[in-house]
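Student: Have a look at this one.
The values are calculated or read from the model by the stated rules, or taken from the named source; none is laboratory data. Given the structure is predicted, the values throughout are model-derived calculations rather than measurements. Note that we place each Cβ from the backbone using ideal geometry, even for glycine, and neighbour counts take in every protein chain shown.
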Amino acid sequence: MLNTPFRRTLTVAVLAGILLTGCDNSGPANASTGTPMATEVDVVTLHSQAVSLTTELSGRTSAYRIAEVRPQVSGIIIERLFSEGSDVKAGEVLYRIDPASYKAEVAIAEAAVAKARASESSARLKAQRYAELVKTNAISTQDHDDAQASLKQQQAEIASAQAQLAAARINLAYTEIKAPIAGRIGTSAITEGALVTAQQSSALASIQQLNPLYVDMRQSTAELLRLKRSLADGTLVTVAGDKAAIKLHLEDGSTYAQQGLLQFADVSVDESTGMVNLRAEVPNPDLFLLPGMFVRGELTEGERPQGLLVPQVAVTRTPNGRATVLTVDAQDTVALRDISISRAIDDQWLVESGLEDGVRVITAGTQKVRPGMTVRISTPDSASTAASQH
């Protein structure tokens with residue numbers, strides 16, 4: 001049992017604590033009046049402004065054209081005439097195959113043509129003589145017909161020999177393996193002294209045309225249909241017919257200086273993913289871009305003249321997914337609003353409905369307030385100015 005003086009002291013302490021607790025409020029006390037101070041929050045005043053609407057597509061660059069260099073005749077490579085990784089022109093000689101056997105074939109074919117022409121000359125003279133003799137019945141009609149047939153046969157022999165000569169000259173020309181397109185050539189798969197065969201499966205080298213360059217991207221079919229509708233109704237910004245302008249952002253965060261054109265033709269849907277392959281054509285005069293680079297394409301869809309943007313930090317989501325913000329009215333009273341937002345633009349959301357021009361939205365201190373409370377605005381002028389300059 002506690003003694004009586006100690007019990008009296010404990011009772012006084014408890015009563016003092018209860019009195020102090022009853023006097024406490026949720027906010028700090030004003031030193032001059034003793035009344036609780038309103039909670040301080042940061043706000044941003046929203047202002048309507050012209051908003052550029054863009055869509056971002058990720059993809060990779062690819063060569064505009066690719067040509068694999070292969071031999072069209074068989075033989076030994078005697079010379080390589082290019083440097084790996086250099087730029088070559090269309091028709092430039094890349095390799096030389098030993099032409100000795102092919103020169104011999106040309107000589108044989110030329111001799112065959114000369115022989116056929118000599119035989120044709122004899123047959124033509126004979127046919128001319130028989131044509132005169134048959135008129136006087138000096139020879140039979142059969143002999144005349146045989147002479148005419150022999151002449152035509154020799155003429156056919158000339159045509160055949162000339163065709164063989166042309167084929168031999170083509171094969172001789174093929175001993176110089178030339179670049180089919182202009183572009184940058186890669187690593188050579190063979191060296192001098194290697195044996196190559198006509199139409200072999202392995203390429204000697206590969207040439208890629210890098211200017212212009214393709215950018216291959218993937219997009220969902222729903223998004224593609226939306227882009228096509230924007231293109232049809234004129235809200236999508238176009239620069240050449242039905243081609244939309246696209247800006248590229250590189251892996252290091254920089255923006256590529258040249259503007260590309262998005263192609264909508266020749267697209268197919270991947271049935272397993274529901275994605276569509278899109279292709280943009282981008283100028284690459286300095287060969288700054290290389291095939292296989294990852295890029296992000298920014299497509300300008302249009303401009304909303306009276307767009308309203310709200311900072312992302314001001315928007316919260318309810319358990320059922322509704323977007324909400326806390327606003328402050330003229331009397332500095334907090335209100336909760338449901339809003340509709342469509343897309344993110346930098347660190348802000350584009351508002352479709354629920355907010356109007358001039359409304360003040362709380363961006364900091366939302367955890368300390370609730371609808372119906374009166375709050376105190378911290379530096380409202382600077383907050384409003386920052387929002388209007390965004």
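Student: Only one of (1) surrounded by fewer than 16 Cβ atoms within 10 Å (Cβ to Cβ); (2) of a type in the set (S, T, N, Q); (3) not assigned by TED's automatic domain parsing to the domain that holds Ser121 is not met by Ser160, so which one is it?
Tutor: Ser160 satisfies all of (1) surrounded by fewer than 16 Cβ atoms within 10 Å (Cβ to Cβ); (2) of a type in the set (S, T, N, Q); (3) not assigned by TED's automatic domain parsing to the domain that holds Ser121 except (3).
Student: Could you grab me the full set of residues in the stretch 51-68 that are modelled with pLDDT of 85 or more and either in contact with a Pro (Cβ under 7 Å, 6 or more places away or on another chain) or polar (S, T, N, Q) (or both)?
Tutor: Residues satisfying the conditions are Ser58, Thr61, Ser62, Ala63, Tyr64, Ala67.
Student: Sticking with this one: Just name the residue that is farthest from Ala167 (Cα to Cα) out of those in the stretch 118-140 that are touching a helix residue (DSSP H, G or I) at 6+ places or on another chain (Cβ under 6 Å) and in a helix (DSSP H, G or I).
Tutor: Only one residue tops the list, namely Val134.
Student: If I filter the stretch 273-284 for residues that are of a type in the set (S, T, N, Q), under 30 Å from Asp87 (Cβ atoms) and in the same structural domain as Gly59 (by TED's automatic domain parsing), do I get at least one hit?
Tutor: Yes, the stretch 273-284 contains at least one residue that is of a type in the set (S, T, N, Q), under 30 Å from Asp87 (Cβ atoms) and in the same structural domain as Gly59 (by TED's automatic domain parsing).
Student: Answer yes if at least one residue in the stretch 310-330 is in contact with a His (Cβ under 8 Å, 6 or more places away or on another chain) and acidic (Asp, Glu), and no otherwise.
Tutor: no
Student: Of the conditions (1) crowded, with 19+ Cβ neighbours inside 10 Å; (2) in contact with a strand residue (DSSP E or B) (Cβ under 6 Å, 6 or more places away or on another chain), Tyr130 satisfies every one except a single condition; which number is it?
Tutor: Unmet for Tyr130, out of (1) crowded, with 19+ Cβ neighbours inside 10 Å; (2) in contact with a strand residue (DSSP E or B) (Cβ under 6 Å, 6 or more places away or on another chain): (2).
Student: Got a sec? Which of Arg226, Arg218 is farther than 25 Å from Leu250 by Cβ, surrounded by 12 or more Cβ atoms within 10 Å (Cβ to Cβ) and basic (Lys, Arg)?
Tutor: None of the other options fit; the residue is Arg226.
Student: May I pose another question? If Met293 passes every condition in (1) in the same structural domain as Arg360 (by TED's automatic domain parsing); (2) surrounded by 13 or more Cβ atoms within 10 Å (Cβ to Cβ) but one, which one does it miss?
Tutor: Among (1) in the same structural domain as Arg360 (by TED's automatic domain parsing); (2) surrounded by 13 or more Cβ atoms within 10 Å (Cβ to Cβ), Met293 violates only (1).
Student: Shifting gears a bit: For the stretch 209-295, please list each of the strands (runs of 3 or more DSSP E) lying entirely inside it that holds at least 2 residues being at pLDDT 90 or above and within 28 Å of Gly186 (Cα to Cα).
Tutor: Those strands (runs of 3 or more DSSP E) span 243-249, 275-282.
Student: Out of Asp286, Asp270, which single residue is within 17 Å of Ser220 (Cβ to Cβ), surrounded by fewer than 12 Cβ atoms within 10 Å (Cβ to Cβ), acidic (Asp, Glu) and more than 15 Å from the chain's Cα centre (by Cα)?
Tutor: Testing whether each residue is within 17 Å of Ser220 (Cβ to Cβ), surrounded by fewer than 12 Cβ atoms within 10 Å (Cβ to Cβ), acidic (Asp, Glu) and more than 15 Å from the chain's Cα centre (by Cα) leaves just Asp270.
Student: Here is a further query. Would you confirm, using the coordinates I've provided, whether Arg80 is outside the structural domain of Asn277 (by TED's automatic domain parsing) and under 60 Å from the mean Cα position of the chain (by Cα)?
Tutor: In short, yes.
Student: Given the conditions (1) over 30 Å from Pro285 (Cβ atoms); (2) not in a loop (DSSP other than H, G, I, E, B), and given that Gln72 satisfies all but one, which numbered condition is not satisfied?
Tutor: Condition (2) is where Gln72 drops out.
Student: For the stretch 357-377, name all the residues that are part of a loop (DSSP other than H, G, I, E, B) and in contact (Cβ under 8 Å) with a residue 40 or more places away in the chain.
Tutor: Answer for the stretch 357-377, where residues must be part of a loop (DSSP other than H, G, I, E, B) and in contact (Cβ under 8 Å) with a residue 40 or more places away in the chain: Asp357, Gly358, Val359, Gly365, Val369, Pro371, Met373.
Student: Would you check which residues across the stretch 303-316 are part of a strand (DSSP E or B) and surrounded by fewer than 15 Cβ atoms within 10 Å (Cβ to Cβ) and list them?
Tutor: Glu303, Pro305, Gln306, Thr316
Student: To continue, here is another question. Tally up the residues in the stretch 54-94 that are of a type in the set (Gly, Ala, Ser), more than 24 Å from Ala168 (Cβ to Cβ) and buried (at least 18 other Cβ atoms within 10 Å of the Cβ), please.
Tutor: Of the residues in that region, 3 qualify.
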